[in-house]
1. Taking segment 250-267 as the search range and keeping residues that are in contact with a helix residue (DSSP H, G or I) (Cβ under 8 Å, 6 or more places away or on another chain) and of a type in the set (K, R), which one is most open to solvent (accessible area, probe 1.4 Å)?
2. Could you run through segment 443-468 and say how many residues are free of Cβ contacts under 8 Å to residues at least 60 places away in the same chain and closer than 26 Å to F366 by Cα?
3. Taking segment 346-383 as the region of interest, how many residues are open to solvent by less than 60 Å² (accessible area, probe 1.4 Å) and either of a type in the set (D, E) or not in a helix (DSSP H, G or I) (or both)?
4. When you scan segment 284-314, how many residues do you find that are touching a residue at least 60 places away in the same chain (Cβ under 8 Å), over 22 Å from A364 (Cβ atoms) and not charged (D, E, K, R)?
5. Out of the residues in segment 68-84 that are part of a loop (DSSP other than H, G, I, E, B) and open to solvent by less than 30 Å² (accessible area, probe 1.4 Å), state the one that is farthest from M120 (Cα to Cα).
6. If a residue has to be farther than 22 Å from I64 by Cα and either open to solvent by 10 Å² or more (accessible area, probe 1.4 Å) or in a helix (DSSP H, G or I) (or both) to count, how many in segment 1-43 make the cut?
7. Quick one: E443 ticks every box in (1) open to solvent by 10 Å² or more (accessible area, probe 1.4 Å); (2) among the acidic types (D, E); (3) within 18 Å of the chain's Cα centre (by Cα) bar one, so which box is it?
8. Quick check on L419: is it touching a Lys or Arg at 6+ places or on another chain (Cβ under 7 Å) and of a type outside the set (S, T, N, Q)?
Amino acid sequence: MNELWRLSACAVTDLLRRGKISPVELIDAALARIAAVNPAVNALVTLGEERARAQAKRLMQLPIEARGMLAGLPIAVKDLNDVAGLRTTYGSPIYADNVPTRSDIMVETLEGNGAVPLAMSNTPEFGAGANTFNEVFGETLNPWNTKLNAAGSSGGSAVALATGQVWLATGSDLGGSLRTPASFCSVIGLRPSPGRVANGPREQNFDTLSVNGPMARNVEDAALMLDAMAGWHIEDPISLSKPEETFLTTARRRKKPKRVALILSLAGLPIEPEVIAGVRAVAEKLAKEGIIVEEASPDFGGVGQAFQTLRAVDFSSSMGALLQQHRDKLKPDVIWNIEKGLALKSEEIGKALLRRARLYSEVAAFFASYDAILLPAAPILPRDVKERWPREINGVQLENYVEWLKLAALITMTSCPSLALPGGFSADGRPIGVQLVGKPRGEADLLSHGLWIEDLLGLRDEVPIDPKVHPRTH
(Lines give C-alpha, C1' and ligand atoms only; values in the text may rest on other atoms or scores of the structure.)
Protein backbone atom coordinates (compact mmCIF):
# COMPACT_ATOMS: atom_id res chain seq x y z
CA MET A 1 0.00 0.00 0.00
CA ASN A 2 3.05 2.31 -0.05
CA GLU A 3 2.21 3.42 -3.59
CA LEU A 4 -1.53 3.97 -3.41
CA TRP A 5 -0.94 7.11 -5.49
CA ARG A 6 -0.29 4.91 -8.53
CA LEU A 7 -3.86 3.54 -8.46
CA SER A 8 -6.70 5.14 -10.38
CA ALA A 9 -9.43 7.06 -8.60
CA CYS A 10 -11.92 4.34 -9.56
CA ALA A 11 -9.67 1.66 -8.04
CA VAL A 12 -9.08 3.61 -4.85
CA THR A 13 -12.74 4.47 -4.30
CA ASP A 14 -13.57 0.80 -4.82
CA LEU A 15 -11.11 -0.06 -2.03
CA LEU A 16 -12.67 2.62 0.16
CA ARG A 17 -16.20 1.34 -0.43
CA ARG A 18 -15.12 -2.20 0.39
CA GLY A 19 -13.42 -1.08 3.60
CA LYS A 20 -9.98 -2.25 2.43
CA ILE A 21 -8.41 1.17 3.09
CA SER A 22 -9.47 4.24 5.03
CA PRO A 23 -9.66 7.93 4.05
CA VAL A 24 -6.93 8.66 6.61
CA GLU A 25 -4.60 6.17 4.93
CA LEU A 26 -5.17 7.94 1.62
CA ILE A 27 -4.45 11.32 3.17
CA ASP A 28 -1.17 9.91 4.50
CA ALA A 29 -0.30 8.49 1.08
CA ALA A 30 -1.11 11.75 -0.69
CA LEU A 31 0.86 13.86 1.78
CA ALA A 32 3.89 11.60 1.39
CA ARG A 33 3.71 11.91 -2.39
CA ILE A 34 3.21 15.68 -2.19
CA ALA A 35 6.30 16.01 0.01
CA ALA A 36 8.29 13.91 -2.46
CA VAL A 37 7.44 15.66 -5.73
CA ASN A 38 5.66 18.97 -5.22
CA PRO A 39 8.84 20.98 -4.45
CA ALA A 40 10.02 20.23 -8.00
CA VAL A 41 6.83 21.47 -9.72
CA ASN A 42 4.91 23.79 -7.34
CA ALA A 43 1.49 22.43 -8.23
CA LEU A 44 -0.20 22.44 -4.81
CA VAL A 45 0.18 25.71 -2.94
CA THR A 46 -1.89 25.44 0.24
CA LEU A 47 -2.34 22.25 2.24
CA GLY A 48 -5.37 21.70 4.44
CA GLU A 49 -4.18 18.65 6.34
CA GLU A 50 -5.96 19.42 9.61
CA ARG A 51 -9.25 20.17 7.87
CA ALA A 52 -8.96 17.06 5.70
CA ARG A 53 -8.20 14.75 8.63
CA ALA A 54 -11.17 16.10 10.58
CA GLN A 55 -13.45 15.53 7.60
CA ALA A 56 -12.06 12.04 7.02
CA LYS A 57 -12.69 11.11 10.64
CA ARG A 58 -16.29 12.36 10.38
CA LEU A 59 -16.81 10.21 7.31
CA MET A 60 -15.31 7.18 9.04
CA GLN A 61 -17.97 7.46 11.74
CA LEU A 62 -20.61 6.81 9.09
CA PRO A 63 -21.48 3.43 7.62
CA ILE A 64 -19.44 2.89 4.43
CA GLU A 65 -22.57 2.94 2.27
CA ALA A 66 -23.41 6.43 3.63
CA ARG A 67 -20.04 8.02 2.75
CA GLY A 68 -20.90 8.97 -0.82
CA MET A 69 -19.58 7.79 -4.18
CA LEU A 70 -16.05 9.10 -3.47
CA ALA A 71 -16.14 7.59 0.04
CA GLY A 72 -13.38 9.76 1.51
CA LEU A 73 -11.08 10.31 -1.49
CA PRO A 74 -8.65 13.24 -1.06
CA ILE A 75 -8.80 15.75 -3.93
CA ALA A 76 -7.22 19.05 -4.95
CA VAL A 77 -9.35 22.15 -5.49
CA LYS A 78 -8.26 24.90 -7.86
CA ASP A 79 -7.37 28.07 -5.98
CA LEU A 80 -10.22 29.94 -7.66
CA ASN A 81 -12.93 28.04 -5.78
CA ASP A 82 -13.64 28.80 -2.14
CA VAL A 83 -13.05 26.10 0.44
CA ALA A 84 -14.44 27.08 3.84
CA GLY A 85 -11.71 27.44 6.43
CA LEU A 86 -8.86 27.02 3.91
CA ARG A 87 -6.87 29.89 2.44
CA THR A 88 -8.18 30.65 -1.05
CA THR A 89 -6.22 33.38 -2.87
CA TYR A 90 -7.44 33.32 -6.51
CA GLY A 91 -3.73 33.68 -7.28
CA SER A 92 -3.86 37.34 -6.34
CA PRO A 93 -1.90 39.32 -3.72
CA ILE A 94 -5.16 41.17 -3.07
CA TYR A 95 -6.51 37.97 -1.51
CA ALA A 96 -3.28 36.48 -0.24
CA ASP A 97 -4.72 36.03 3.26
CA ASN A 98 -8.32 35.28 2.32
CA VAL A 99 -9.98 32.45 4.29
CA PRO A 100 -13.60 31.94 3.13
CA THR A 101 -16.34 31.05 5.58
CA ARG A 102 -18.38 29.19 2.96
CA SER A 103 -17.26 26.81 0.23
CA ASP A 104 -18.15 27.13 -3.44
CA ILE A 105 -21.28 25.18 -4.40
CA MET A 106 -19.14 22.79 -6.44
CA VAL A 107 -16.97 22.05 -3.40
CA GLU A 108 -20.05 21.53 -1.23
CA THR A 109 -21.41 19.09 -3.81
CA LEU A 110 -18.15 17.17 -3.96
CA GLU A 111 -17.92 16.98 -0.18
CA GLY A 112 -21.52 15.80 -0.05
CA ASN A 113 -20.46 12.94 -2.30
CA GLY A 114 -17.51 11.95 -0.12
CA ALA A 115 -14.62 14.05 -1.48
CA VAL A 116 -12.03 15.33 0.99
CA PRO A 117 -10.34 18.56 -0.18
CA LEU A 118 -6.69 18.23 0.83
CA ALA A 119 -4.95 21.02 -1.06
CA MET A 120 -5.43 24.06 -3.24
CA SER A 121 -3.86 23.91 -6.70
CA ASN A 122 -2.02 26.83 -8.25
CA THR A 123 -3.63 29.15 -10.80
CA PRO A 124 -2.70 32.40 -12.54
CA GLU A 125 -4.18 35.55 -11.02
CA PHE A 126 -7.99 35.28 -11.24
CA GLY A 127 -7.46 32.44 -13.73
CA ALA A 128 -6.40 34.93 -16.40
CA GLY A 129 -3.79 33.54 -18.77
CA ALA A 130 -2.79 30.07 -19.80
CA ASN A 131 0.53 29.97 -17.97
CA THR A 132 0.20 29.17 -14.29
CA PHE A 133 2.18 31.74 -12.31
CA ASN A 134 1.26 34.47 -9.84
CA GLU A 135 2.78 36.88 -7.34
CA VAL A 136 1.61 34.85 -4.35
CA PHE A 137 3.02 31.39 -5.09
CA GLY A 138 5.19 31.69 -8.20
CA GLU A 139 5.37 29.36 -11.20
CA THR A 140 3.98 25.87 -11.68
CA LEU A 141 6.35 23.76 -13.79
CA ASN A 142 5.60 21.11 -16.38
CA PRO A 143 6.53 17.68 -14.96
CA TRP A 144 7.60 16.34 -18.36
CA ASN A 145 10.29 19.01 -18.43
CA THR A 146 10.48 21.53 -15.60
CA LYS A 147 11.91 24.22 -17.85
CA LEU A 148 8.53 24.34 -19.58
CA ASN A 149 5.17 25.75 -18.54
CA ALA A 150 2.16 23.66 -17.59
CA ALA A 151 -0.37 25.99 -19.26
CA GLY A 152 -3.37 27.19 -17.30
CA SER A 153 -5.33 28.30 -15.70
CA SER A 154 -5.87 24.88 -14.13
CA GLY A 155 -2.14 24.17 -14.37
CA GLY A 156 -1.69 23.28 -10.72
CA SER A 157 -4.41 20.65 -10.92
CA ALA A 158 -3.01 19.14 -14.11
CA VAL A 159 0.51 18.88 -12.70
CA ALA A 160 -0.70 17.48 -9.37
CA LEU A 161 -2.47 14.72 -11.28
CA ALA A 162 0.40 13.99 -13.63
CA THR A 163 2.79 13.58 -10.71
CA GLY A 164 0.45 11.43 -8.63
CA GLN A 165 -0.09 13.88 -5.79
CA VAL A 166 -3.88 13.44 -5.86
CA TRP A 167 -6.29 11.15 -7.66
CA LEU A 168 -8.75 13.83 -8.81
CA ALA A 169 -8.66 17.61 -9.07
CA THR A 170 -11.07 20.38 -9.96
CA GLY A 171 -10.57 22.76 -12.82
CA SER A 172 -12.43 25.63 -14.41
CA ASP A 173 -12.65 26.72 -18.01
CA LEU A 174 -13.49 29.98 -19.75
CA GLY A 175 -11.22 29.90 -22.78
CA GLY A 176 -9.50 26.54 -22.35
CA SER A 177 -8.36 26.54 -18.73
CA LEU A 178 -9.28 22.86 -18.30
CA ARG A 179 -8.25 21.69 -21.74
CA THR A 180 -4.94 23.48 -22.34
CA PRO A 181 -3.15 22.31 -19.15
CA ALA A 182 -4.53 18.80 -19.71
CA SER A 183 -2.93 18.91 -23.15
CA PHE A 184 0.39 20.23 -21.84
CA CYS A 185 0.59 17.64 -19.04
CA SER A 186 -0.95 14.58 -20.78
CA VAL A 187 -3.95 14.21 -18.46
CA ILE A 188 -7.73 14.50 -18.88
CA GLY A 189 -9.69 17.74 -18.69
CA LEU A 190 -13.43 17.91 -19.30
CA ARG A 191 -15.20 21.18 -19.99
CA PRO A 192 -18.85 20.28 -19.30
CA SER A 193 -21.93 21.98 -20.69
CA PRO A 194 -22.89 25.19 -18.86
CA GLY A 195 -25.04 24.22 -15.90
CA ARG A 196 -23.84 20.63 -15.69
CA VAL A 197 -21.83 21.52 -12.55
CA ALA A 198 -23.65 23.99 -10.31
CA ASN A 199 -21.65 27.17 -9.84
CA GLY A 200 -21.45 29.97 -7.31
CA PRO A 201 -22.60 31.61 -5.22
CA ARG A 202 -21.61 34.44 -7.57
CA GLU A 203 -22.97 37.70 -8.91
CA GLN A 204 -22.88 36.57 -12.56
CA ASN A 205 -25.05 33.54 -11.96
CA PHE A 206 -26.35 33.45 -15.54
CA ASP A 207 -22.84 33.28 -17.03
CA THR A 208 -22.47 30.45 -19.57
CA LEU A 209 -18.86 31.02 -20.63
CA SER A 210 -17.07 29.96 -17.44
CA VAL A 211 -17.68 26.45 -16.08
CA ASN A 212 -16.18 24.11 -13.50
CA GLY A 213 -15.25 20.57 -14.42
CA PRO A 214 -13.22 17.48 -13.56
CA MET A 215 -9.55 16.74 -14.19
CA ALA A 216 -8.19 13.23 -13.90
CA ARG A 217 -5.55 10.82 -15.17
CA ASN A 218 -7.96 8.81 -17.33
CA VAL A 219 -11.45 9.04 -18.76
CA GLU A 220 -13.11 6.68 -16.26
CA ASP A 221 -11.81 8.77 -13.37
CA ALA A 222 -13.06 11.95 -15.06
CA ALA A 223 -16.52 10.38 -15.44
CA LEU A 224 -16.51 9.38 -11.77
CA MET A 225 -15.63 12.91 -10.73
CA LEU A 226 -18.29 14.43 -12.98
CA ASP A 227 -20.84 12.19 -11.26
CA ALA A 228 -19.67 13.60 -7.92
CA MET A 229 -19.83 17.22 -9.17
CA ALA A 230 -22.97 17.32 -11.27
CA GLY A 231 -26.47 18.23 -10.20
CA TRP A 232 -29.07 20.94 -9.77
CA HIS A 233 -28.69 23.60 -7.08
CA ILE A 234 -31.25 26.25 -6.21
CA GLU A 235 -28.63 29.02 -6.12
CA ASP A 236 -27.53 28.35 -9.70
CA PRO A 237 -30.35 29.30 -12.10
CA ILE A 238 -28.86 27.41 -15.07
CA SER A 239 -27.88 24.23 -13.21
CA LEU A 240 -29.03 20.89 -14.63
CA SER A 241 -30.44 17.87 -12.86
CA LYS A 242 -28.39 14.70 -12.63
CA PRO A 243 -29.00 12.19 -15.42
CA GLU A 244 -30.78 8.96 -14.47
CA GLU A 245 -27.72 6.90 -15.37
CA THR A 246 -24.27 7.79 -14.03
CA PHE A 247 -21.66 9.15 -16.41
CA LEU A 248 -19.30 6.39 -15.32
CA THR A 249 -21.77 3.67 -16.26
CA THR A 250 -22.33 5.26 -19.68
CA ALA A 251 -18.62 5.82 -20.27
CA ARG A 252 -17.83 2.17 -19.58
CA ARG A 253 -19.97 1.13 -22.52
CA ARG A 254 -17.10 2.43 -24.69
CA LYS A 255 -19.34 3.59 -27.50
CA LYS A 256 -17.46 3.73 -30.78
CA PRO A 257 -18.20 6.92 -32.73
CA LYS A 258 -19.40 6.35 -36.28
CA ARG A 259 -18.56 9.68 -37.89
CA VAL A 260 -16.03 12.28 -36.68
CA ALA A 261 -15.30 15.74 -38.09
CA LEU A 262 -11.60 16.62 -38.13
CA ILE A 263 -10.55 20.27 -37.80
CA LEU A 264 -6.88 21.08 -38.41
CA SER A 265 -7.32 24.73 -39.33
CA LEU A 266 -9.68 26.96 -37.41
CA ALA A 267 -10.55 30.61 -37.94
CA GLY A 268 -7.09 31.56 -39.15
CA LEU A 269 -5.20 30.55 -36.00
CA PRO A 270 -1.76 29.14 -36.83
CA ILE A 271 -0.98 25.70 -35.41
CA GLU A 272 2.48 24.23 -34.99
CA PRO A 273 3.27 21.48 -37.53
CA GLU A 274 4.06 18.84 -34.86
CA VAL A 275 0.68 19.45 -33.25
CA ILE A 276 -1.10 19.04 -36.58
CA ALA A 277 0.86 15.87 -37.29
CA GLY A 278 -0.02 14.46 -33.85
CA VAL A 279 -3.74 15.11 -34.22
CA ARG A 280 -3.73 13.77 -37.78
CA ALA A 281 -2.07 10.59 -36.50
CA VAL A 282 -4.91 10.16 -34.00
CA ALA A 283 -7.46 10.69 -36.78
CA GLU A 284 -5.73 8.06 -38.91
CA LYS A 285 -5.95 5.55 -36.06
CA LEU A 286 -9.69 6.21 -35.82
CA ALA A 287 -10.10 5.75 -39.56
CA LYS A 288 -8.27 2.40 -39.45
CA GLU A 289 -10.93 1.22 -36.99
CA GLY A 290 -13.66 1.93 -39.51
CA ILE A 291 -14.72 5.34 -38.21
CA ILE A 292 -15.59 7.83 -40.93
CA VAL A 293 -13.25 10.80 -40.42
CA GLU A 294 -13.82 13.86 -42.60
CA GLU A 295 -12.22 17.29 -42.54
CA ALA A 296 -15.25 19.48 -41.90
CA SER A 297 -16.17 22.37 -39.63
CA PRO A 298 -19.00 24.66 -38.69
CA ASP A 299 -18.51 28.28 -39.68
CA PHE A 300 -16.45 29.96 -36.94
CA GLY A 301 -15.94 33.23 -38.82
CA GLY A 302 -16.18 36.17 -36.41
CA VAL A 303 -16.58 33.92 -33.35
CA GLY A 304 -13.10 34.68 -32.03
CA GLN A 305 -13.86 38.40 -31.92
CA ALA A 306 -17.23 37.69 -30.30
CA PHE A 307 -15.50 35.60 -27.63
CA GLN A 308 -13.02 38.38 -26.89
CA THR A 309 -15.92 40.81 -26.50
CA LEU A 310 -17.97 38.62 -24.17
CA ARG A 311 -14.90 37.68 -22.15
CA ALA A 312 -14.13 41.37 -21.69
CA VAL A 313 -17.70 41.97 -20.54
CA ASP A 314 -17.22 39.26 -17.89
CA PHE A 315 -13.97 40.80 -16.70
CA SER A 316 -15.25 44.36 -16.52
CA SER A 317 -18.49 43.45 -14.75
CA SER A 318 -16.86 41.14 -12.21
CA MET A 319 -13.60 42.99 -11.58
CA GLY A 320 -14.23 46.64 -12.44
CA ALA A 321 -14.28 47.53 -8.74
CA LEU A 322 -10.98 45.72 -8.17
CA LEU A 323 -9.38 47.80 -10.89
CA GLN A 324 -10.47 50.98 -9.13
CA GLN A 325 -9.31 49.84 -5.70
CA HIS A 326 -6.22 47.70 -6.41
CA ARG A 327 -4.86 48.63 -9.83
CA ASP A 328 -1.29 48.46 -8.52
CA LYS A 329 -1.76 44.82 -7.49
CA LEU A 330 -3.27 43.50 -10.74
CA LYS A 331 -1.14 42.04 -13.51
CA PRO A 332 -1.15 43.94 -16.84
CA ASP A 333 -3.14 41.30 -18.73
CA VAL A 334 -6.00 41.48 -16.22
CA ILE A 335 -6.01 45.28 -16.38
CA TRP A 336 -6.10 45.13 -20.19
CA ASN A 337 -9.06 42.73 -20.18
CA ILE A 338 -11.06 44.80 -17.68
CA GLU A 339 -10.42 48.05 -19.56
CA LYS A 340 -11.32 46.40 -22.86
CA GLY A 341 -14.70 45.51 -21.36
CA LEU A 342 -15.27 48.97 -19.90
CA ALA A 343 -14.63 50.54 -23.32
CA LEU A 344 -17.11 48.36 -25.22
CA LYS A 345 -20.17 49.88 -26.87
CA SER A 346 -23.59 48.29 -26.60
CA GLU A 347 -23.70 47.47 -30.31
CA GLU A 348 -20.43 45.54 -30.01
CA ILE A 349 -21.85 43.45 -27.19
CA GLY A 350 -25.09 42.87 -29.06
CA LYS A 351 -23.23 41.79 -32.17
CA ALA A 352 -21.20 39.29 -30.14
CA LEU A 353 -24.32 37.83 -28.52
CA LEU A 354 -26.02 37.42 -31.90
CA ARG A 355 -22.94 35.75 -33.41
CA ARG A 356 -22.85 33.25 -30.55
CA ALA A 357 -26.56 32.51 -30.96
CA ARG A 358 -26.10 31.91 -34.67
CA LEU A 359 -23.10 29.66 -33.98
CA TYR A 360 -25.16 27.45 -31.69
CA SER A 361 -27.78 26.92 -34.40
CA GLU A 362 -25.03 26.09 -36.92
CA VAL A 363 -23.36 23.63 -34.54
CA ALA A 364 -26.65 21.91 -33.71
CA ALA A 365 -27.21 21.36 -37.42
CA PHE A 366 -23.61 20.20 -37.89
CA PHE A 367 -24.02 17.50 -35.25
CA ALA A 368 -26.88 15.98 -37.22
CA SER A 369 -24.11 14.53 -39.41
CA TYR A 370 -21.33 13.85 -36.89
CA ASP A 371 -20.98 12.14 -33.51
CA ALA A 372 -18.00 14.25 -32.44
CA ILE A 373 -15.47 16.84 -33.55
CA LEU A 374 -11.73 16.18 -33.26
CA LEU A 375 -9.22 19.03 -33.16
CA PRO A 376 -6.05 20.04 -31.30
CA ALA A 377 -6.50 21.03 -27.66
CA ALA A 378 -3.78 23.68 -28.03
CA PRO A 379 -2.04 25.14 -31.09
CA ILE A 380 1.47 24.82 -29.69
CA LEU A 381 3.68 22.46 -27.71
CA PRO A 382 4.67 23.47 -24.16
CA ARG A 383 7.16 26.33 -24.18
CA ASP A 384 9.61 27.94 -21.75
CA VAL A 385 7.92 28.79 -18.47
CA LYS A 386 9.30 32.32 -18.67
CA GLU A 387 7.24 33.01 -21.80
CA ARG A 388 4.14 34.46 -20.18
CA TRP A 389 2.12 34.00 -23.37
CA PRO A 390 3.06 33.19 -26.98
CA ARG A 391 3.75 36.29 -29.04
CA GLU A 392 3.94 34.27 -32.24
CA ILE A 393 3.07 30.89 -33.74
CA ASN A 394 4.69 29.81 -37.01
CA GLY A 395 5.93 33.38 -37.47
CA VAL A 396 2.43 34.85 -37.13
CA GLN A 397 2.27 37.59 -34.48
CA LEU A 398 -0.48 37.40 -31.83
CA GLU A 399 -2.05 40.60 -30.55
CA ASN A 400 -2.90 39.70 -26.96
CA TYR A 401 -2.64 37.00 -24.29
CA VAL A 402 -6.01 35.43 -25.20
CA GLU A 403 -5.51 35.05 -28.94
CA TRP A 404 -3.48 31.82 -28.79
CA LEU A 405 -6.32 30.09 -26.92
CA LYS A 406 -8.72 30.36 -29.87
CA LEU A 407 -8.83 26.58 -30.47
CA ALA A 408 -10.44 26.16 -27.07
CA ALA A 409 -12.28 29.48 -26.92
CA LEU A 410 -14.24 28.90 -30.11
CA ILE A 411 -15.50 25.62 -28.68
CA THR A 412 -16.46 27.46 -25.48
CA MET A 413 -18.75 29.63 -27.59
CA THR A 414 -20.67 26.56 -28.83
CA SER A 415 -21.73 25.52 -25.29
CA CYS A 416 -20.79 21.96 -26.27
CA PRO A 417 -18.91 19.71 -23.82
CA SER A 418 -15.27 19.15 -24.74
CA LEU A 419 -12.85 16.50 -23.55
CA ALA A 420 -9.07 17.01 -23.70
CA LEU A 421 -7.28 13.69 -24.16
CA PRO A 422 -3.58 12.76 -24.40
CA GLY A 423 -2.85 12.32 -28.10
CA GLY A 424 0.85 11.51 -28.08
CA PHE A 425 4.20 13.24 -27.83
CA SER A 426 6.47 15.36 -29.99
CA ALA A 427 9.88 14.14 -31.11
CA ASP A 428 11.46 15.72 -28.02
CA GLY A 429 8.89 14.28 -25.61
CA ARG A 430 6.44 17.17 -25.14
CA PRO A 431 2.78 16.15 -24.77
CA ILE A 432 0.26 16.73 -27.56
CA GLY A 433 -3.39 16.88 -26.57
CA VAL A 434 -6.49 16.37 -28.69
CA GLN A 435 -9.87 17.91 -28.10
CA LEU A 436 -12.98 15.77 -28.59
CA VAL A 437 -16.16 17.82 -28.76
CA GLY A 438 -19.57 16.30 -28.18
CA LYS A 439 -23.14 17.31 -28.94
CA PRO A 440 -24.81 19.94 -26.73
CA ARG A 441 -25.32 18.48 -23.23
CA GLY A 442 -23.84 15.25 -24.56
CA GLU A 443 -21.34 14.47 -21.82
CA ALA A 444 -22.50 10.85 -21.53
CA ASP A 445 -21.77 9.96 -25.15
CA LEU A 446 -18.65 12.15 -25.17
CA LEU A 447 -17.14 10.26 -22.23
CA SER A 448 -18.11 6.94 -23.79
CA HIS A 449 -16.46 7.91 -27.08
CA GLY A 450 -13.50 9.26 -25.15
CA LEU A 451 -12.94 6.03 -23.25
CA TRP A 452 -13.09 4.04 -26.48
CA ILE A 453 -10.49 6.36 -28.03
CA GLU A 454 -8.34 6.28 -24.90
CA ASP A 455 -8.24 2.48 -25.13
CA LEU A 456 -7.31 2.71 -28.81
CA LEU A 457 -4.46 5.18 -28.30
CA GLY A 458 -2.96 3.24 -25.39
CA LEU A 459 -1.66 6.31 -23.54
CA ARG A 460 -3.49 5.79 -20.26
CA ASP A 461 -0.42 4.35 -18.50
CA GLU A 462 1.82 7.32 -19.33
CA VAL A 463 0.95 8.89 -15.97
CA PRO A 464 1.54 9.26 -13.07
CA ILE A 465 5.16 10.36 -13.57
CA ASP A 466 8.09 11.64 -11.59
CA PRO A 467 9.04 15.20 -12.55
CA LYS A 468 11.85 15.38 -15.09
CA VAL A 469 13.85 18.11 -13.43
CA HIS A 470 16.03 20.02 -15.85
CA PRO A 471 18.50 22.84 -15.13
CA ARG A 472 16.57 26.07 -15.04
CA THR A 473 17.50 28.98 -17.31
CA HIS A 474 16.85 32.45 -15.97
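1. The initial filter retains those residues of segment 250-267 that are in contact with a helix residue (DSSP H, G or I) (Cβ under 8 Å, 6 or more places away or on another chain), namely 250-257, 260-262, 264, 266-267.
Subsequent filtering for residues that are of a type in the set (K, R) retains 252-256.
Details: R252: 114, R253: 142, R254: 86, K255: 96, K256: 85 Å².
Per the stated criteria, the residue is R253.
2. Of the residues in segment 443-468, the ones free of Cβ contacts under 8 Å to residues at least 60 places away in the same chain are 458, 461.
Now drop any that are not closer than 26 Å to F366 by Cα, which leaves none.
Number satisfying all stated conditions: 0.
3. 16
4. Result for segment 284-314: 2.
5. Initial filter on segment 68-84 (part of a loop (DSSP other than H, G, I, E, B)): 68-72, 79-82, 84.
Going one step further and asking which of them are open to solvent by less than 30 Å² (accessible area, probe 1.4 Å), we end up with 68, 70-72, 79, 81, 84.
Numbers: G68: 22, L70: 18, A71: 20, G72: 17, D79: 5, N81: 9, A84: 12 Å.
Of everything passing the filter in segment 68-84, G68 is farthest from M120 (Cα to Cα).
6. Going residue by residue through segment 1-43, those that are farther than 22 Å from I64 by Cα are 2-3, 6, 31-43.
Then keep just the ones that are either open to solvent by 10 Å² or more (accessible area, probe 1.4 Å) or in a helix (DSSP H, G or I) (or both); that gives 2-3, 6, 31-42.
Counting residues in segment 1-43 that are farther than 22 Å from I64 by Cα and either open to solvent by 10 Å² or more (accessible area, probe 1.4 Å) or in a helix (DSSP H, G or I) (or both) gives 15.
7. (1) is the only condition that E443 fails.
8. Details: touching a Lys or Arg at 6+ places or on another chain (Cβ under 7 Å): no; of a type outside the set (S, T, N, Q): yes.
No, not satisfied.
The values are calculated or read from the model by the stated rules, or taken from the named source; none is laboratory data. The model shown is predicted, which means the values in this text are computed figures rather than measured ones. Positions of Cβ are backbone-derived with ideal geometry, glycine not excepted, and every protein chain shown enters the neighbour counts. Areas reflect the complete protein model, heavy atoms only, side chains present, ligands, DNA and RNA absent. Shrake-Rupley method; radii C 1.70, N 1.55, O 1.52, S 1.80 Å.
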